[in-house]
Amino acid sequence: MRYRLMTICLLSALITTVLVNSKSAKEVNILSEQPTDLTIYAEKYSDLMQEITQELRINKVRFVLDYAILPDETIEIFIKLPSEEIENRTKIEIEQLVIEVLREKEFNPDQFHLKISSYYETPSDDERSSVRLSYNDLMGNLMQELKKRNHLTFSLEYAITPRHVEVIINLPVDSTENTKLEVEQSAKEVIKRNKYAINDFQITIVSKILTK
């Protein structure tokens, strides 16, 4: 299933609409010598992530939510807030909300690791030990980068396939080849900046948007 973020949605909209179901996931060697199909984990926890998302919205929290799996099958939940600095009180309140949802849905909170950080914080190298089941924050960063470079008309989506994460950027029909190359390079820069392996991603540029 593909995930779509339209350019009409600014960061504020992205922060309040963050989670989409995962129906497919790439196979990676995370738990053993044999590849593990992450679709199982994506489907098992997608409803739970929606419940957490809904609870945070009810409590008027502005955020981007993603989740991943660690080698011990612990689920990592990333909640990013649109603040440069986050008070400990805010972190505690969000953690309590998440734990309440986990218990209500009969999940063991000890099987989850919650990471609350700033949306603008650059990930460190050691934060990539888990394998992502969603990429909402990465798409938001890419959206911001394209807007900063004055690409004001585009749509953005991604699809997790058995081989890679495909990032699909749709531009206006009259886009030049230079524009397409610039957009592709911007996407690669954002992926590298977020400490992901560029070889895990396929960037597809199309031009199907009618502007008249």
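Solvent-accessible surface of protein heavy atoms, probed at 1.4 angstrom with all chains present, puts THR122, THR161 in the order THR122, THR161, largest first.
Here the simple spin-label model places points 7 Å from the Cα toward Cβ, and for LYS208 and ARG57 these points are separated by 2.7 nm. Annotation: amide H-H contacts under 5 Å for PHE63 (H modelled 1.01 Å from N, sequence separation of 5 or more, or interchain): THR16.
Compared with the alpha-carbon gap, the fully stretched path from ALA197 to GLU166 is longer by 9.9 nm at 0.36 nm per residue.
Hey, can you find the accessible area per residue of segment 55-182 for me, probe 1.4 Å, expressed in square angstrom? Show your work: numbers first, answer last.
Values: 6570 Å² over 128 residues.
Counting only protein heavy atoms, the per-residue value for segment 55-182 is 51 Å².
For the set GLU106, GLU100, solvent exposure ranked by accessible area (probe 1.4 Å, protein chains only) runs largest to smallest as GLU106, GLU100. Once both labels are modelled 7 Å past Cα along the beta-carbon direction, what's the ILE92-ASP72 spacing in nm? Computed distance between label sites ILE92 and ASP72 equals 2.6 nm. The largest-to-smallest principal axis extents of the Cα set in segment 78-212 are 51, 33, 30 Å. The calculated pair-distance distribution of segment 82-131 uses every alpha carbon pair, bins of 5 angstrom beginning at 0, and gives 4, 17, 22, 20, 21, 13, 3 percent. Only the Cβ atoms of Lys and Arg (+1) and of Asp and Glu (-1) were treated as charged; on that basis the dipole of segment 80-209 about its Cα centre amounts to roughly 340 debye.
Split the accessible area of segment 78-211 by element, probe 1.4 Å, and carbon with sulfur accounts for 43%.
The values are calculated or read from the model by the stated rules, or taken from the named source; none is laboratory data. Quantities reported herein were computed from a predicted structural model and do not represent experimental measurements. All Cβ positions, glycine included, derive from the backbone under ideal geometry; neighbour counts span all protein chains shown. Side chains included, ligands, DNA and RNA excluded: accessible areas come from the protein's heavy atoms. Shrake-Rupley method; radii C 1.70, N 1.55, O 1.52, S 1.80 Å.
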